[in-house]
Amino acid sequence: MNTDSPWYQPPPRPTNPPSPPAPPAPTMVDLVIDGRPTQAHSTWTILEACRSIGIDTPTLCYLENLTPV
């Protein structure tokens with residue numbers, strides 16, 4: 001198709017582009033930590049699940065702003 005033609009006009013751009021789909025809600029996982037049943041998000045680590053119920057676990061190399069290697 002020749003776009004240099006004086007009769008060709010591209011279609012107008014949409015005024016409201018579609019929004020991205022919402023991320024799925026994380027599912028809950030049943031855990032038993034130190035004999036205490038609890039629930040945690042499936043995206044949490046064991047350390048995060050322990051902290052959510054008040055169990056303090058000593059760590060040497062865990063920083064929340066670092067990604068796993």
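Figures for the structure shown
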quantity: Residue in region 6-25 that is modelled with pLDDT under 90, among the charged types (D, E, K, R) and open to solvent by 70 Å² or more (accessible area, probe 1.4 Å) present; calculated: yes
quantity: Pick from region 26-69, criterion among the charged types (D, E, K, R) and not in a strand (DSSP E or B), ranking: least open to solvent (accessible area, probe 1.4 Å); calculated: 48
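The values are calculated or read from the model by the stated rules, or taken from the named source; none is laboratory data. All of these numbers come straight from a predicted model, not from anything done at the bench. Remember, those area values only see protein heavy atoms, side chains included, never the ligands or the DNA or RNA. Shrake-Rupley method; radii C 1.70, N 1.55, O 1.52, S 1.80 Å.
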